[in-house]
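Structure first, then comments.
A short reminder: the numbers here are calculations on the coordinates, not readings from a lab. Quick caveat, the model's predicted, so the values are computed rather than measured. Cβ placement follows ideal geometry from the backbone for every residue including glycine, while neighbour counts extend to all protein chains displayed.
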Ligand SMILES: [Zn+2]
């Protein structure tokens, strides 16, 4: 298990012990963040009849791997759990109806029924709407776990009915420490490499160029056309805008490291202006959840116009 998941594991363990685990759980995190691992562990702990805890991590429950439930689960043969897999890259309404039917049945050998939907973001709109009913009228002793890599693509109505657990894998120095700790563990290392700009040198370089261009644009008003083009070209465009703005805010608040290039920008940036820009970006990200790619291009262009206006307003006040 990835070490940064311990916080979530401890939290889930507390809920299980207290008997107040949320009925609908949404775990979001980028590829490589470990959300599948965390979900599988959670399902096993929910279903295990004699959970244990390691002496090193007392606050984290572990499945015993010995009881009947554990053994059947490990063989993928446990009748009170169902994993719903997306077929052909999309999860249709029929699959979701099977979930409601599954929850309506009485548990066969355990007391709790669990459903895992590993690619919740692949749900069609019809499927998501069908799932809403299940989320709104939970049957007794049922727990549904949704996983999403791009939380932004889920319908807001789905998100609002789930308890959200966001996995934020470490970055920068802390990430480096994690890699060192597990230097012998090639598996952990390979998994980390799935984080796009943290580990792919190409994507990292792309992001750096993006951030530099963005800083130029917000401090000097240069490179506006490039920013629009780059945001649209990258699948992470909106998220990168958010990330770069967060980075700039850190710089403006004097939180960046000494060798950080944003330091030099910090005096040029006004905290309120950045905050306005940040809010515009997050509002656009929220809006983008329900839109097609064509419309995303439109709202992205509108976002840049909004940022232009915020920047012009700031200059006029100086
Ligand atoms: Zn067990």
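For the stretch 1-99, what is the Kirkwood hydrodynamic radius in Å, using each pair of distinct C-alpha atoms?
14.9 Å
Could you calculate the FRET efficiency of residue 289 with residue 108 from 1/(1 + (r/R0)^6), where r is the beta carbon distance between them and R0 is 45 Å, rounded to 0.05?
The formula returns an efficiency of 0.75 here.
With each label point set 7 Å from Cα along the Cα-Cβ vector, what nm distance links residue 94 and residue 301?
It works out to 4.0 nm between the two label points.
Quick one: which of 71-77, 27-33 comes out on top by average Cβ neighbours within 10 Å, and what's the full order, highest first? Let's see the in-between values first.
Details: 71-77: 12.9, 27-33: 21.4.
Result, highest mean first: 27-33, 71-77.
Could you give the length gained on full extension between residue 132 and residue 212, defined as 0.36 nm per residue of separation minus the Cα-Cα distance, in nm?
Length gained, residue 132 through residue 212: 24.6 nm.
Could you list 228, 125 so that the one with the fewest beta carbons within 10 Å of its beta carbon is first and the one with the most is last?
Ascending number of Cβ neighbours within 10 Å: 125, 228.
Give me 41, 4 sorted ascending by neighbouring Cβ count inside 10 Å, so fewest comes first. Could the numbers behind the result be given before it?
Values: 41 20, 4 17.
Final ranking by Cβ density, sparse to dense: 4, 41.
Could you give me D for the stretch 3-168, from Stokes-Einstein at 10 °C and 1.306 mPa s, where the hydrodynamic radius is the Kirkwood radius over C-alpha pairs? Units µm² s⁻¹, please.
Calculated translational D: 98 µm²/s.
Using a basic spin-label model with each label point 7 Å from the Cα along Cα→Cβ, how many nm lie between residue 74 and residue 220?
Here the modelled spin labels are 6.1 nm apart.
At 7 Å along the Cα-to-beta-carbon direction for both residue 278 and residue 49, put a label point, then send me their distance in nm to one decimal.
A separation of 5.1 nm, rounded to one decimal place.
Report the calculated FRET efficiency for residue 37 and residue 160 (r = Cβ-Cβ distance, R0 = 35 Å), to the nearest 0.05. Intermediate results must be reported in sequence, preceding the final value.
Values: r = 26 Å, r/R0 = 0.74.
Once rounded, the FRET efficiency stands at 0.85.
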